[in-house]
Amino acid sequence: MTETSTPPNHSPAYDLLRAHLQVRVPLTDADFTTFCGYLRPLALRKRQHLLQAGEVCSYYAFVTQGCLRSYSLTNEGHEHTLQFAPEDWWISDLYSLLTRQPSTMNIDALEDSQLLLLDQADLETIYAACPVFERYFRLLMQSRYVVLQERVNASLSQTATEKYQHFLGKYPTIVQRVPQHVIASYLGITPESLSRVRRQL
């Protein structure tokens, strides 16, 4: 991991974050400047980890360039990808972050990536200074819950083709950027099954 020098709030990375926030909550210049004061830029090389199983997760990471994923490993070494995070997405292990328990997840970079890290320990201070962020993170958690329920429902009821079509709708930019075996591990199917589905579409 490589820490980068903090860029000004009007850099492309911070412009992307501000646009992301403003779609969801009203934001003043003062609110945004205060929030940015708690962010830490970080660069990851491809295949470098932000989090490894056994560590306690402390950060939310907003992706401004590149793509990350969270995944778990079975005892046999098989990967189960839980989330992709391309540009304009947050990624973390919420269970570890909120319970302070060691993570069972790994988060790594699928491409060279640029992030803005927010320490969980700073959130209460941010909420007190800028209450709009309490609303923003409540909306973010609600969205995560909806996504989790969608994934559970899909795993129980959807065919491989339906899962892939849903994936294309959710992550339209990912399919050409991520190895097919990683997409298959997200869908819970074999790479061979994914190849058959792609040929049929």
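The values are calculated or read from the model by the stated rules, or taken from the named source; none is laboratory data. Keep in mind it's a predicted model, so treat the numbers as computed, not measured. Please note: Cβ atoms are built from the backbone with ideal geometry, for glycine as well, and neighbour counts cover all protein chains shown. Protein only, heavy atoms only, side chains kept; ligands, DNA and RNA dropped before computing areas. Shrake-Rupley method; radii C 1.70, N 1.55, O 1.52, S 1.80 Å.
Quick rundown of the values:
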quantity	calculated
Any hit, segment 37-47, residues being under 24 Å from ALA184 (Cβ atoms) and part of a strand (DSSP E or B)	yes
Restricting segment 184-200 to residues that are touching a helix residue (DSSP H, G or I) at 6+ places or on another chain (Cβ under 8 Å) and in contact (Cβ under 8 Å) with a residue 60 or more places away in the chain, the residue that is surrounded by the most Cβ atoms within 10 Å (Cβ to Cβ)	TYR186
Unique match (being closer than 28 Å to THR34 by Cα, open to solvent by 80 Å² or more (accessible area, probe 1.4 Å) and not basic (Lys, Arg)) among TYR145, TYR127, TYR136	TYR145
Of all residues making up segment 106-142, the number that are hydrophobic (A, V, I, L, M, F, W, C) and either assigned to a helix (DSSP H, G or I) or without any contact (Cβ under 8 Å) to a residue 24 or more places away in the chain (or both)	11
Residues being under 22 Å from ARG24 (Cα atoms), open to solvent by 20 Å² or more (accessible area, probe 1.4 Å) and assigned to a loop (DSSP other than H, G, I, E, B) - total across segment 76-92	3
Filter pass, SER96 being open to solvent by less than 40 Å² (accessible area, probe 1.4 Å), hydroxyl-bearing (Ser, Thr, Tyr) and assigned to a strand (DSSP E or B)	no
Restricting segment 161-181 to residues that are in contact with a Leu (Cβ under 7 Å, 6 or more places away or on another chain) and part of a helix (DSSP H, G or I), the residue that is most open to solvent (accessible area, probe 1.4 Å)	GLN180
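Matching residues to (1) open to solvent by less than 30 Å² (accessible area, probe 1.4 Å); (2) within 24 Å of TYR145 (Cβ to Cβ):
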residue	(1), (2)
ALA30	no, no
LEU42	yes, no
CYS57	yes, yes
GLN65	no, no
ARG69	yes, yes
THR74	no, no
ARG100	no, yes
THR104	no, yes
